[in-house]
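The values are calculated or read from the model by the stated rules, or taken from the named source; none is laboratory data. This structure is a prediction, so every number in the text was calculated from the model and none was measured. No Cβ is skipped: glycine too gets one built from the backbone with ideal geometry, and neighbour counts run over all protein chains shown.
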Protein chains: 2
Amino acid sequence: MTVYDLTTPALLIDGAMLDANLHTMATALPGRRLRPHVKAHKCTALARRQAALGAGGFTCATAREVEGMAAAGLGTDLLLANELADATRLGRLPAPARVTLAVDSDATIEAAARGGVREVVIDVNVGLPRCGCAPEDAGRLARLARDRGLQVRGVMGYEGHVMLLPDRDARAAGTAEAMRLLGAAHADAGGELLSAGGTGTWDLNVWATEIQAGSYALMDTAYAKLGLPFRPALSLLATVVSVSSHHAVADCGLKALGMDHGNPAIDGATVLFCSDEHVTFVPGTPVHVGERIRLWPAHVDPTVAYHAHLHVTDGERVVESWPVDLRGW
Amino acid sequence: MTVYDLTTPALLIDGAMLDANLHTMATALPGRRLRPHVKAHKCTALARRQAALGAGGFTCATAREVEGMAAAGLGTDLLLANELADATRLGRLPAPARVTLAVDSDATIEAAARGGVREVVIDVNVGLPRCGCAPEDAGRLARLARDRGLQVRGVMGYEGHVMLLPDRDARAAGTAEAMRLLGAAHADAGGELLSAGGTGTWDLNVWATEIQAGSYALMDTAYAKLGLPFRPALSLLATVVSVSSHHAVADCGLKALGMDHGNPAIDGATVLFCSDEHVTFVPGTPVHVGERIRLWPAHVDPTVAYHAHLHVTDGERVVESWPVDLRGW
């Protein structure tokens, strides 16, 4: 089977690029130093490759991701790096799944305990205005959790506000400040884990005991701008369906691409805009109806979430097709 | 079952609002005057309601939508308002499905004929830089299609470039100019159909023999700004998972919302930003962990495409759950 046999639009993974990215990261952050985030690919087949390279545990963003990873036999140490108002789905997971849940409030600690969860981390706001308690509240919450019978494995804090800063020094400085806050919280809360980091700070965050990176595996045009040692492995295959003197149109659009980071890129061409099922672009060299083109998505996570499959390629050959089996909630 | 039993995020349809929207449109554009576009909802159960109110045919954007509508028994007159480089999937559809395919070039006419399609419309560029031939080329293409044994049912031309213009007079003027171009193409190409229009021009486009509106059924915040007689029927239910002194966070984000038209809206609150699985917002009145909130998506089509179900509600009661069964390609 080749890429010409695929119905378009279709997500392609360059198998060699993926392996190189996984290998680079696993070498730099061996074993428990890396806790790959599955939200970037939502694919247990890809997670299996990460596990084969030594990843000791995984990070998840949804209960569905936790359940799917556990069902796939990849659940020996799953961190749900997100709060739940109702944790009963996690409490119901059969052994040997081991799940640690983020909590950042009295209410989420109560939800964890009531839902049957046994282990938690205290989620600390280190600068990104999202979830996480105030750093100075981490100790109190850890005590509350322990009083409620929960094992506190440590703290987490995502420095997402610096993750895509183009300047490396600024990313480093922002990471240091964020980890200063998380370190103080950790001192108050206790536990062995200080979980943080992402693809943009994978080598800058030297304070975290484990890095929660996800995008490094497949990459996207936003992360590609940072000069990281990870290469674009994910492209969107589309078919040209219309050509005029001014522009051309291919059969992929808003329902095949996460758009919050803007338009996708096409090598040697200018993308004008995306519609529901179309991308309108000005090609650099003439294209014809039926020609296959490749687009580089701007944001990997919400792009993958639109697709049922990831097709692993070697040149034009499709060597495997992996279900995106962690979609939904 | 109530909305409190749903796993969030979940898309809700206000059943009464939907029925009012469908009724308003079906009354103004009875029978063949309306060809509802299924790309906005990708749901055969919703299409069935449109058919019950008299819609004589439907518009589709993908081969998958055509196949799904035909399989659901809603295929008596389907227009695929999009070009295909390979039309064999349409040619294979069993009777009584009737499919008309848009063509805009020698190559797509050849693809239609070779794929076993029997009926086409000439797709004309009326101002939106996307698919469609130059208006002056429509006559030549119609002759070519007929020479190739295809039945030419007429022309189509989507005035998408004026669809969301906030000023009604500007929309009207733009529609008139677009339909002048399409009318000239129609005179050259022949056939009974002049298919055009959308939710933003549903009553302004008095030249089209049929209007291809789709968004009117569920609506979104972009169309809501136009002062149309259609009301927001689609909302996204989410659960508050984190509350701080500065903001709150609910469990829906970039993987539950089409983002190309910007952030969703929350009544009485200010949305700050969306992340993969979070919306960060400043509530107008205090919220608590576990509270359910509703968001109004900015763009209906790519929002629905992220979800497996649409839940029809009557107040807080869930009266039906419809599969979004036309997703994928």
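One table, with the values for the structure above:
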item: B:T209 of a type outside the set (D, E, K, R), at pLDDT 95 or above and farther than 18 Å from B:H37 by Cβ; result: no
item: Condition broken by B:V249, with the remaining ones in (1) in contact with a helix residue (DSSP H, G or I) (Cβ under 7 Å, 6 or more places away or on another chain); (2) part of a strand (DSSP E or B) satisfied; result: (1)
item: Subset of segment A:262-311 that is among the aliphatic types (A, V, I, L, M) and part of a loop (DSSP other than H, G, I, E, B) - its residue that is farthest from B:Y306 (Cα to Cα); result: A:V287
item: Within segment B:297-321, tally of residues that are closer than 19 Å to B:S215 by Cβ and either within 17 Å of the chain's Cα centre (by Cα) or among the polar types (S, T, N, Q) (or both); result: 12
item: Members of segment A:201-215 found to be part of a loop (DSSP other than H, G, I, E, B) and aliphatic (A, V, I, L, M), listed by number; result: A:L204, A:V206, A:A208, A:A213
item: Top-ranked residue of segment B:137-191 - restricted to ones that are among the aliphatic types (A, V, I, L, M) and exposed (fewer than 15 other Cβ atoms within 10 Å of the Cβ), ranked as nearest to B:D260 (Cα to Cα); result: B:A170
item: Residue that is nearest to B:Y223 (Cα to Cα), among those in segment B:240-268 that are small (G, A, S) and either without any contact (Cβ under 8 Å) to a residue 24 or more places away in the chain or not assigned by TED's automatic domain parsing to the domain that holds B:H299 (or both); result: B:G268
item: Within segment A:83-121, considering residues that are within 14 Å of chain B (Cβ to nearest Cβ), assigned to a helix (DSSP H, G or I) and not hydrophobic (A, V, I, L, M, F, W, C), the one surrounded by the most Cβ atoms within 10 Å (Cβ to Cβ); result: A:T108
